Amino acid sequence: MSSDRHVVVVGAGPGGLAAAARLRDRGGGRVAVTLIAPGLRATFLGGTLDVALGDQEPTAFSAPVDMAGVRCIDAAVSAVAPDGVALGDDRIAADAVIAAPGLVVDANSMPSWSRVVAAWDPYGARRLRERALGLRAGRVLVAITAVPYRCPPAPLALAVGLAGRHLEARHAVRVTVATPEAVPLAGVGGEAPAFVSDACAAAGVTLERGFVPDLQASADGVLRATDGREIPYDGAFLVPAHRRAACLEGLPGTGPLVAVGERGSVDGSPLYVVGDAAGTGLPRAAGFASGAAVAAADGALESLGIAPAPPPPALEASCFMFHHGRAISRIGVRYTGDGPSVRIDGPSRDLWPARTGELRRFLEAAGAPGSGVTAAG
Ligand SMILES: Cc1cc2nc3c(=O)[nH]c(=O)nc-3n(C[C@H](O)[C@H](O)[C@H](O)COP(=O)(O)OP(=O)(O)OC[C@H]3O[C@@H](n4cnc5c(N)ncnc54)[C@H](O)[C@@H]3O)c2cc1C
């Protein structure tokens, strides 16, 4: 590498891809950028819902990573530090590191019951669809087993979507969604909590709030809560607990999230943690991951003396609900210096291009030329 400086980016999700592109685009040729991700594949996790509802296959949401102007390495980083990363016994030195490895979905900690699918990604969703959409009658449960989890509205959106599909097929299937939160989406604020609760009610979905699962006391066919409540089911989709990526072990912060300061910096060093792994107080959403990654990349470039950092961008994210009749709605959240604002659009079939556009931009950021994904609506 002939560049003056070297920055390593860990992960090829929205955070890692945005960081790598920003470093390349603003580095003026003075920064060599290396992006490391296992398998060098980028996966759009929001596609979990489309797969679960039978609209798409998992492969529609995944693309190889091949970014022009970025050295891409197929590997799993075992540890990160301000001056480089470890790949097992090997080490790659760097002047700054931006880590966006997301969260690990701890499916192995879940009981392997025949009526349960425990996953939170497009490939796991394929198994759910066989289990939940195959029923002609009975009870389907979507349950969040622990917080934090990725994308606050998504489990409720899944429950509402499943209820709609069974209604269209004239199945006698009842859907319940259970969350440990006293008020779903309280952390998002604004009209979001009322909107998702109303969407559940309109779809005939039973919403169990403050339901903290006790997996030890549960069995295949009935989920029990620590307060003694029980939800019987014929098919269940459990969102497993999320834990910290192994490469971030030892960094400050309790639980799955790493404590970070300005622009995602860990202890003021040139090690930045962004995206779902960062303890920022923001919900786990793609737009927040990519916005924080841009701010971190700008911070790294400034600390390396390459370019002054502009003010961090406003952080924006959109999550979607799936309604009866193939309509979708959008919960948009924007954080500026003045605090959060929530905007709700829909339900409408006209919103499909907006959602498909998010997927296309993600796949194109990974380097996939013109994605051929079509809207499900
Ligand atoms: C079901 C579901 C629905 C969602 N819907 C929406 C939505 O509608 N809107 C929205 O904004 N957000 C949504 N999200 C949330 C969004 O997907 C995440 O917030 C976002 O992907 C986080 O980005 P990230 O870059 O931090 O991590 P990730 O997207 O998880 O990417 C992490 C990357 O790091 C790599 N990696 C992991 N460990 C290592 C390692 N040791 N070494 C190297 N690489 C590593 C992984 O392979 C991956 O490439 C949804 C999430 C889920 C699960």
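The values are calculated or read from the model by the stated rules, or taken from the named source; none is laboratory data. Every value quoted in this text rests on a predicted model; they were computed, and no experiment measured them. All Cβ positions, glycine included, derive from the backbone under ideal geometry; neighbour counts span all protein chains shown. Protein only, heavy atoms only, side chains kept; ligands, DNA and RNA dropped before computing areas. Shrake-Rupley method; radii C 1.70, N 1.55, O 1.52, S 1.80 Å.
Under a model in which nothing but the beta-carbon of Lys, Arg (+1) and Asp, Glu (-1) is charged, the chain shows a dipole of about 880 debye around its Cα centre.
Count Lys and Arg as plus one, Asp and Glu as minus one, and take only other residues whose Cβ is under 13 Å from that of G138; the net charge is then +4. Against the chain, whose longest principal axis comes from its Cα atoms, helix 192-202 is set at around 30 degrees. For the chain, the solvent-accessible area with a 1.4 angstrom probe is 40 square angstrom per residue. Nonpolar atom fraction for the range 1-51, defined as the carbon and sulfur part of the 1.4 Å probe accessible area, stands at 47 percent. Computed on protein heavy atoms with a 1.4 Å probe, the accessible areas place C247, C72 in the order C72, C247, largest first. About the Cα centre of the range 105-242, how large is the charge dipole given +1 on each Lys and Arg Cβ and -1 on each Asp and Glu Cβ? Please answer in debye to the nearest 20. In debye, rounded to 20, the range 105-242 gives about 500. Its Cα centre serving as origin, the range 98-179 has a Cβ charge dipole (Lys and Arg +1, Asp and Glu -1) of approximately 380 debye. Using the Karplus relation 6.51 cos²θ - 1.76 cosθ + 1.60 with θ = phi - 60°, the per-residue 3J(HN,Hα) values for the range 210-219 come to x, 9, 9, x, 10, 5, 5, 8, 8, 9 Hz, with x marking Gly and Pro. In degrees between 0 and 90, to the nearest 10, how far off the longest principal axis of the chain does helix 14-26 point, with axes built from Cα atoms? The helix 14-26 is inclined about 30 degrees to the chain.
Scalar couplings 3J(HN,Hα) for the range 152-165, obtained by applying the Karplus form with A = 6.51, B = -1.76, C = 1.60 to θ = phi - 60°, are x, x, 4, x, 5, 4, 5, 4, 5, x, 5, 4, x, 5 Hz; x denotes Gly and Pro. Against the chain, whose longest principal axis comes from its Cα atoms, helix 286-303 is set at around 10 degrees.
Measuring nothing but protein heavy atoms, the accessible surface of the range 105-242 at 1.4 Å probe radius is 50 percent carbon and sulfur.
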